[in-house]
1. Residues 585, 507: which one is in a helix (DSSP H, G or I), in contact (Cβ under 8 Å) with a residue 40 or more places away in the chain and under 20 Å from the mean Cα position of the chain (by Cα)?
2. Consider residue 465 carefully, then state whether it is basic (Lys, Arg), more than 23 Å from residue 321 (Cα to Cα) and not assigned by the TED database to the domain that holds residue 275.
3. For region 396-415, state whether one or more residues are farther than 26 Å from residue 508 by Cα, without any contact (Cβ under 8 Å) to a residue 60 or more places away in the chain and surrounded by 24 or more Cβ atoms within 10 Å (Cβ to Cβ).
4. Would you pick out the residues in region 456-474 that are open to solvent by less than 30 Å² (accessible area, probe 1.4 Å) and among the aliphatic types (A, V, I, L, M)?
5. Go through region 544-574 and give me each residue that's in a loop (DSSP other than H, G, I, E, B) and closer than 17 Å to residue 600 by Cα.
6. Residue check: is residue 313 surrounded by fewer than 22 Cβ atoms within 10 Å (Cβ to Cβ) and at pLDDT below 95?
7. Could you tell me which of the residues 277, 251 is modelled with pLDDT of 50 or more, open to solvent by less than 40 Å² (accessible area, probe 1.4 Å) and either part of a helix (DSSP H, G or I) or farther than 30 Å from residue 141 by Cα (or both)?
Amino acid sequence: MMMHQADYNVVYVDRRARRDRVQHRDCLLPSPISSGPESSDGNDEGQNENEEVIINLQCLLSAFNSVTICTTGTSCVSVLSDVDRNDPTPTLVLLDIPWQPQPEEDIVGHEGRHDSGIAADMLYGLPLLKFICNEVDALRMSGLVVPVAFLTNREVAATNGTLPNQTHWATTDKERCCEERELKCIDNGAVDVLISPVPKEKAKAMYMHCYRARKNVQKSRKVSWVGIDEQKPAREASDYAYLREKMYACFYYCALYMRVSPGSIEKIKNAIGSWDFSAHDFSDEELVHCAKLMLEHALEMPEVEAYRISSDRIVDFLTASRAAYNPKIPYHNFRHVVDVLQAIFYFLLQLRVLPPYVSEEPMEIKPPPARSLSKLLTPLDALTLLIVAIGHDVGHPGVNNAFLITLKAPLAQVYNDRSVLESFHCAAFSQVLQRHWPKTRELRKSMIDMILATDMGLHFDYMGRLEDMKEKVLKEDGMGSLKDKAVSDYRTLVCALLIKCADISNVARTHECSAQWAKILIEEFARQASMESDLGIPSSLVAPPDTGSVLALAKSQVGFMTLFAMPLFVSLSEVVPEMQFSVDVLTANKAMWQVKITSASDEIANNMSGCSNRSASASVSASVSDNAGNRQGGEKLEDRRLSGSHGGHVLGPVVMESSTTFQSSGNSGGGGGGGGGSETRSNVLALKSGAQASAEQPTVTVVVTQPKTLSPNPHAVLDEKRPTHQHSSEHLSAQEPPEQDIPDRPRSSPPDLGDHSSEHSCSKGCCGPTTIVSTSTMQRRPSSFFKRVKLWKSWRKETGEA
């Protein structure tokens, strides 16, 4: 479908313009002036404009409804940054490129620069074009940005003698010079190059560039790299945009690194040396600085001098790694990466594999025990672990392996459904290292082993290997008798176990920090559950996430700690005793979560108890009132019973009656007509299965049908609800009998069917048949009762037809 002009955005960058503004087609253009941006009187700034600027605006407004005018590169970047990357509207950027080459274009040094290579105040012309194209390729700007260059000030270049043949303007010279400058713009990412002033005939070509960009993006977005068709009607395409395969582009460009204030630097230095470190306390730029300090500390070791790189290259590596993580994913983003990195950093400090780190908070490091396997680790292992921590989740899409396998995603098929994401992390991270730290290719095998160990699907395999290693080490009384092959295998296993501990170390952080991580992880699980529902595939989560329940969150944390974290940390601390500090924090955290479970459960039980008491009071009043009405109008009640209508309150899913009886008041028998001293069953409770009654409530003995009243006279007319099949109160937690064993009971009971015995026994088989029951206690019907009901139904039908 052809798009209208209003559907395209236009940004025009020209420092000859008077001011930044939005120019609409229906608004009057300023009057042109022939000499520079300043007028003679200085009062016509808002009225007059450079003549070439007016001509260029007229060209753009002939094809587009409005144009955003920027006078500096900084304002242009600001406008483009506000464009949503998922916005399907193309944005044409018309950039002023001076004909005369600028000094900043030839800057090739690396010191202190990122991306564009120049400071923000020098970001104009060709450097601005480079910057915009890099941002688009790195997916930090919309992929629908269309940069078009237009060359200006040709006469100035000729006057200054920068053109070939300065004294004579031959046609061949002009054509050759124009061609060189145009090609340089194309090499730096421009889709087209024009000459200012731009004639109106070129407006159509710019419009077609926008249209082509839109069509190309539509073709590339049909299927994401995880196999989701973005054109499915279940959700808007933008909801799954972050799963696109275009994420690979992030591996080749680095993000703009912002400087950190001196005050923040001191705070970071002190934080990374403490186990109380919380990644939530820092911004993205500060997290990059955290990682930089930790890598620099490790690279100070003389044993890893061959792998040492400059601070600027470390920053480039870290910013490129950060760009490979999606900030829209709640948990598996760069913040989680720095959390894992600091955990590994602290582990290695405790194990004395890294040199001591000086901070305001003193770190207590005890001498290594004789049986500790930490002696197996080398400085190169420490550096490898730190690098792996940075890239262990590169490109994570926010879903687990089971989701991709169930979806039959292309990524799962590439890796044969085995450690899908972990294999992808290895391949993707190797691209970042290849560009920014090529020396680390020598560590590739170790890195792959460590990253694959983070697959929780292999957790119990690693636990088995840990138990075997622990048994041999403890049995042989240390490592003195280990062979070289065993030492190498154990060193690899210890490194894998350390990265596993760091990957789930959020449960062993301080409780406040741990709880924050738990909430974020539940949010990511909830997103996956929503996607599974939209796509109509079975859920691959252990349980549906409940983002609003403290009880569910606490139970999930205790369950994870019990099943995964505690066995791992405890077993590893037996062969690496320096890790005992994490076991202590983990144990304290688990106890705090259990306290929350108890508190939340008690609160729920109290709320249910209060509701039950109110329901019981209402049922007592209704029962007494209905009993009086039943005694006054027996004939009407008989007609209503036979017609199958039911009145009054309907009790809860489990109906129970106390063995205690109450004396009815004087007016409960229909104005005294029923006689004084008669007993009325009124203590009926409506409780859910598993709820516990308070101590003040009478003991429940039998669960039966739901009649309003029960008269001592077996032939009295009954007003019953439909019976419910439940267990007695002491068996509420037992399994309910099979459905086929539940008799199909009638809605009404005949008055004379010999209902005086019961053959009921509970589902657990511990209660024998109940015989004659007193008239003040409701009873369960025997099987013979229903046979007689069937006969009575047929008799009533024949009588009614007659």
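The values are calculated or read from the model by the stated rules, or taken from the named source; none is laboratory data. These numbers come from a predicted model, not from an experiment. For neighbour counting, all protein chains shown are included, and Cβ atoms are generated from backbone atoms with ideal geometry for every residue, glycine included. What goes into the accessible areas is simple: the full protein's heavy atoms, side chains included, and nothing from ligands, DNA or RNA. Shrake-Rupley method; radii C 1.70, N 1.55, O 1.52, S 1.80 Å.
1. On the way: 585 fails: under 20 Å from the mean Cα position of the chain (by Cα).
Residue meeting the stated conditions: 507.
2. Values: basic (Lys, Arg): yes; more than 23 Å from residue 321 (Cα to Cα): yes; not assigned by the TED database to the domain that holds residue 275: no.
For residue 465, the condition - basic (Lys, Arg), more than 23 Å from residue 321 (Cα to Cα) and not assigned by the TED database to the domain that holds residue 275 - is not met.
3. No: zero hits.
4. Answer for region 456-474, where residues must be open to solvent by less than 30 Å² (accessible area, probe 1.4 Å) and among the aliphatic types (A, V, I, L, M): 463, 466, 469, 473.
5. From region 544-574, those in a loop (DSSP other than H, G, I, E, B) are 544-549; that's our starting set.
Passing the criteria: 546, 547, 548, 549.
6. Values: surrounded by fewer than 22 Cβ atoms within 10 Å (Cβ to Cβ): yes; at pLDDT below 95: yes.
Considered against the rule, which asks whether it is surrounded by fewer than 22 Cβ atoms within 10 Å (Cβ to Cβ) and at pLDDT below 95, residue 313 comes out as yes.
7. None of the others qualify; the one that does is 277.
Condition check ((1) under 18 Å from residue 560 (Cβ atoms); (2) at pLDDT 90 or above; (3) not in a helix (DSSP H, G or I)) across all residues:
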{"site": "469", "(1), (2), (3)": "no, yes, no"}
{"site": "473", "(1), (2), (3)": "no, no, no"}
{"site": "479", "(1), (2), (3)": "no, no, yes"}
{"site": "486", "(1), (2), (3)": "no, no, no"}
{"site": "497", "(1), (2), (3)": "yes, yes, no"}
{"site": "502", "(1), (2), (3)": "yes, yes, no"}
{"site": "518", "(1), (2), (3)": "yes, yes, no"}
{"site": "539", "(1), (2), (3)": "yes, yes, yes"}
